[in-house]
Amino acid sequence: MIVKVGFDYEDDIEYMICPTKVGRNINRLQEEFWDWLFDRKNQHPYWFEYREDGNITYGVSYRTDAFIYWLNKVKFNKGKNVARLIDVPKTPPKKTIRF
């Protein structure tokens, strides 16, 4: 299934492909991803730190590749990737999510 992933700007779009079983639950999976992404106990490459009023504050910087990383390496970590980025879909997307 092709999923359209939108960001802040209307023309800032990426596409991913995944099995239908994954795509049907994409909204629930997105919520689980956010829980994982913003949990400071999880060590992942999307963290960054900055100083604010003399204190270290943590944030995340991510795009669709982070969601795909989570799907492939954390949620469905059976060794076979379940999702990947694609450039231009050959068929219209069945689902859309926004980050």
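The values are calculated or read from the model by the stated rules, or taken from the named source; none is laboratory data. Predicted model only: the values in this text are computed from it and were never measured. Methodologically, a virtual Cβ is constructed for each residue, glycine included, from the backbone with ideal geometry; neighbour enumeration extends over all protein chains shown. Surface accessibility is based on the protein's heavy atoms, side chains included, excluding ligands, DNA and RNA. Shrake-Rupley method; radii C 1.70, N 1.55, O 1.52, S 1.80 Å.
Please find, within the stretch 1-60, the residue that is farthest from Thr96 (Cα to Cα) out of those that are more than 15 Å from the chain's Cα centre (by Cα) and of a type in the set (Phe, Trp, Tyr). That would be Tyr50.
From the set of residues in the stretch 1-27 that are charged (D, E, K, R) and part of a helix (DSSP H, G or I), which is surrounded by the most Cβ atoms within 10 Å (Cβ to Cβ)?
Restricting to residues being charged (D, E, K, R) and part of a helix (DSSP H, G or I), the top hit is Arg24.
Total residues in the stretch 33-52 satisfying the condition of being open to solvent by 90 Å² or more (accessible area, probe 1.4 Å) and of a type in the set (S, T, N, Q): the figure is 1.
List pairs: first in the stretch 1-14 and under 13 Å from Leu85 (Cα atoms), second surrounded by fewer than 16 Cβ atoms within 10 Å (Cβ to Cβ) and polar (S, T, N, Q), Cβ under 6 Å, 6+ apart or cross-chain? Going by the 6 Å Cβ cut-off, the qualifying pairs are Met1/Thr20; Lys4/Thr96.
Applying the condition of being among the β-branched types (Val, Ile, Thr) and not in a loop (DSSP other than H, G, I, E, B) to the stretch 53-85 and asking which residue is most open to solvent (accessible area, probe 1.4 Å) yields Ile56.
The residue pairs whose first member lies in the stretch 74-98 and is closer than 20 Å to Trp36 by Cβ and touching a residue at least 12 places away in the same chain (Cβ under 8 Å), whose second member is in a loop (DSSP other than H, G, I, E, B) and not hydrophobic (A, V, I, L, M, F, W, C), and whose beta carbons are closer than 7 Å, counting only pairs six or more residues apart or on different chains, are Val82/Pro19.
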